[in-house]
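I have placed the structure first, in the form of structure tokens, so that the comments after it can refer back to it.
The values are calculated or read from the model by the stated rules, or taken from the named source; none is laboratory data. Keep in mind the model is a prediction, meaning the values are calculated, not measured. When we count neighbours, we look across all protein chains shown, and the Cβ atoms used for this are built from the backbone with ideal geometry, even at glycine. Each accessible area value is taken on the protein alone, full model and side chains, heavy atoms only, with ligands, DNA and RNA left out. Shrake-Rupley method; radii C 1.70, N 1.55, O 1.52, S 1.80 Å.
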Amino acid sequence: MASYWLLTAILATAYSALPGERVVVWAAIGAVATAGLLLGVWRHRPRRRMLWLLLGAALLCFDAGDTTYDVMTGWLGWAVPFPSTADAIYLLGFYPLASAALFGLARTRTSHDRTSALDAVTLTVGLGLLSWIFLISPYVQDPHLSPLQKSISVAYPLYDVLLLATIARLVGAVRWSVSLALLGAGGAALLAADVLYGLAQLGGTWHDGTAVDALWILFYACWGAAAIHPSMARLTEPRIVRRGEIGGRRLALMTLSSLIPPAALFVEAARGGVRDGAVIALCSTVMFTLVLTRLSAVVGVHREAVARER
């Protein structure tokens, strides 16, 4: 594990110190993360290794998309069209593979896992509202983009939200471990990097060598290290989740998610005009329904427990 982090740190330093070699160094960072993940699968032999192999294939696709874009813009000096081959690799390769792998890790072997799905949907709605306000709506209203370009621009933030919601479901369904924390940290770094990249693109200020690149490097490093750590094998062990069970982590996620719509409404009102009132109202209604459904399951379990005690 230490040698893996040392090698990643060396490559990250080389990326910053050698601007002329960034294409090669960036490809090497992704390759090291993928190799580390595959090494962890081979060494620890988890019960459902196919899920980890899917995650490795997702990392490889992400690296391939980055390398394709860097070669076209850096080495060949092309003005890369939008959409490009790199967009196809991201949207048709990385996101589906990563989503399938994380969903498989989060899935429990019990018929009472509906509550985890409700929690994940609640978080998805809250993050989706933020994505709509800051990323999706500006792209939709941009008159310079074609319908295809708008669709692809919207797909990126939606995919990121779904990916993070799946990780949140995994965090809520599995006991804490180093491997789980690394997967969560990597997913959060990816979402933050993509959001900052999207905002920079909208503002016309994007360029290589910023803190956004550091977040993507952190994403690579964390997902590779998640498989190297021995606790990765526990993520695919059979689990039993009690119906209606709600822990501190889930309660915190539900609380934060529920506060997103009123916070967004307050911020827009404070700025002098509510532009997304209809979307905020719709999200508030959906989240209110989801939270009530979730709490009804908790109440049902409590009533059954009281009945058994009597």
Given (1) without any contact (Cβ under 8 Å) to a residue 40 or more places away in the chain; (2) buried (at least 18 other Cβ atoms within 10 Å of the Cβ); (3) of a type outside the set (A, V, I, L, M); (4) more than 19 Å from Ala33 (Cβ to Cβ), Gly184 misses just (4)
| Does segment 9-28 contain any residue that is among the polar types (S, T, N, Q) and surrounded by 16 or more Cβ atoms within 10 Å (Cβ to Cβ)? | no
Filtering segment 92-108 down to residues that are of a type in the set (A, V, I, L, M), crowded, with 20+ Cβ neighbours inside 10 Å and more than 19 Å from Leu180 (Cβ to Cβ) yields Leu97
Could you please let me know if Gly172 is modelled with pLDDT under 80 and not β-branched (Val, Ile, Thr)? yes
Log entry, pairs with first residue in segment 187-202 being without any contact (Cβ under 8 Å) to a residue 40 or more places away in the chain, second being surrounded by fewer than 17 Cβ atoms within 10 Å (Cβ to Cβ) and aromatic (Phe, Trp, Tyr), beta carbons closer than 9 Å, six or more apart or on different chains, reads Tyr197/Trp206; Ala200/Trp206
Scanning segment 259-299 residue by residue, those of a type in the set (Lys, Arg) and either within 24 Å of Ala117 (Cβ to Cβ) or open to solvent by less than 40 Å² (accessible area, probe 1.4 Å) (or both) turn out to be Arg294
Output for Cβ contacts, cut-off 7 Å, separation at least six or different chains, first residue of a type in the set (A, V, I, L, M) in segment 128-144, second not in a helix (DSSP H, G or I), reads Ile133/Asp276
Residue pairs qualifying under the 6 Å Cβ cut-off, at least six apart or on distinct chains, with the first in segment 219-233 being outside any helix (DSSP H, G or I) and the second being open to solvent by 10 Å² or more (accessible area, probe 1.4 Å), are His229/Val178
The condition from (1) in contact with a Gly (Cβ under 7 Å, 6 or more places away or on another chain); (2) open to solvent by less than 30 Å² (accessible area, probe 1.4 Å) that Leu55 misses is numbered (1)
Within segment 67-90, of all residues that are under 17 Å from Pro19 (Cα atoms) and hydrophobic (A, V, I, L, M, F, W, C), the one most open to solvent (accessible area, probe 1.4 Å) is Trp75
Determine if segment 195-202 includes at least one residue that is over 22 Å from Arg45 (Cβ atoms), touching a His at 6+ places or on another chain (Cβ under 9 Å) and either open to solvent by 10 Å² or more (accessible area, probe 1.4 Å) or among the β-branched types (Val, Ile, Thr) (or both). yes
Exactly one of Leu158, Leu148 is at pLDDT 85 or above, surrounded by fewer than 19 Cβ atoms within 10 Å (Cβ to Cβ) and within 13 Å of Asp194 (Cα to Cα), and that one is Leu158
